[in-house]
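One structure is given below, encoded as structure tokens.
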DNA sequence: CTAGGGTTAG
């Protein structure tokens, strides 16, 4: 709502306002004429005297008009309804939210000073603004007022907006408290509660609340179901998702585009890509979010090539990608290592003047780093106007991967200077860099600082990094000791790191016992077997290596298939061990055999 | 006259 619309709104409300005096009406009228916030296209609002068309627009902000109007009134005791109209009409600009919230409270002060009590129309408007600004303290002030005036007990709008304030501020306990104390609850109350749980990372509780809602014989609408589906996505619980899906089809809301998008997302995150595609294909209306859900969801499932295929399908249909699309595409490029396509996205971003900050910038840094172009990753990183913890983390992890140890630590050192707090993943990069550079003492220092300075609790990944750091440097005993003193149970990360160290330093006996421990925590994967058989081979213990491979076959271990991809003229070709799905796979394998025999001949010649 | 929506990186 702009300044003019606001005044039209306020002025229109005056007509139904019974308690305003004639003097006040005249004052308002003259104020409108004097400050001329309204152009001539509203002649019935400013009827006399006819004002000449003015050349330059008024520079006053909306609330300046309102407040200066109130200050100009001789007896500014406006009626409640007019105050409500003003408060309701005040803009809630997210960029200037503090200012507008401040002005809102100024208006409230004005009201109270004139003995007018905010009512059940005023309070929800104010709380809505508090929610948008995440203003917890202000919300609590209004809550206190609402308790005093008994609005909390009597009005469902007041309760719901109050719940919303606490939900966006992350105080789920208070959301629940207001909900429990509400004498009447409608669909919005339930939805706000569910949403609060899901957004705060408690999808299970959100789903429980949904079932509570069903028990209360409240029927969910599209909005509620979208939120519940997103909870299923977060839980990765396919059978639950299917139950909700059934509810949706029973209630005939499956043709809604929001529901469709949420269904596609849910099926993908729960691992049923085929059904997601089916839902997607059957959607009567699709928007860019539908495509994004497919692309990001496939990438989330590690189906990067499929994600890029969907993107190309989208382009063939002439649809414009948005920044979320591009982030999904860049993520897929990064994981496939397809630089060309990543460069294409970068060019697209530049060409369309999309700001390469935030999500896009971070994804570009990550893509270039993972595609082996660390210098370009660094250039994008440097050119970003705004860098957050994700930008720094992507950069540090990338530098560490490339063995740029000093650079990685320099970038990390910059973080406190610019006031960006590192998180757990940042430290993975830092510790990996130290490990790479053999910087044992520094690594230990950063590991200690993680909890002492940054109050981050090290996870098994961090312990794994430390074991790797010590083990690589040949400090195997220290690594073992470190594991013994871990406050949490060591898992595959940790044992894997120690086994890796055994391989580097040829510690076959220790490796055997470590492998047993690794198999205990991760019996279903082939990593331990592969690593151990390599250790045997390096020690020339071929018979043990063969024995191990046989033991593996008998134990139903899932083998991670070797996989690589190559990009040719913008098309990604993927190769999997034993894969015969390619049209020309016969020719490919024949060529491979030829190449192999060439190699063998060379080996024979060399010996 | 008022309140609640989906997708996003390491």
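Laboratory data are not the source of any read-out in this text; all were calculated from the coordinates shown. Treat the numbers as computed from the prediction; the structure is a model and nothing was measured. Every residue, glycine as well, gets a Cβ built from its backbone with ideal geometry; the counts of neighbours run over all protein chains shown.
Computed extension gain for residue A:102 through residue A:149, at 0.36 nm per residue and net of the alpha carbon distance, reaches 14.7 nm. Its relative contact order, with pairs defined as Cα atoms under 8 Å and 6+ residues apart, puts segment A:324-452 at 18 percent. Classification of segment A:138-183 by its C-alpha gyration tensor yields an oblate form. The axis ratio a/c (a ≥ b ≥ c) is 1.5 or more, and b/c is at least a/b.
FRET efficiency for the pair residue A:421 and residue A:120, taken as 1/(1 + (r/R0)^6) with r the Cβ-Cβ distance and R0 = 51 Å, rounds to 0.80. State the Cα centre-to-centre distance between segment A:287-340 and segment A:360-375 in whole Å. A separation of 16 Å, based on Cα centres. By definition, a body whose alpha carbon gyration tensor gives a ≥ b ≥ c is oblate when a/c is 1.5 or more and a/b is not larger than b/c, and segment A:481-550 fits this oblate description.
Give the shape of segment A:295-379 as rounded, prolate or oblate, defined through the alpha-carbon gyration tensor: a ≥ b ≥ c are the square roots of its eigenvalues, a/c under 1.5 means rounded, and otherwise the shape is prolate if a/b is larger than b/c and oblate if not. Oblate.
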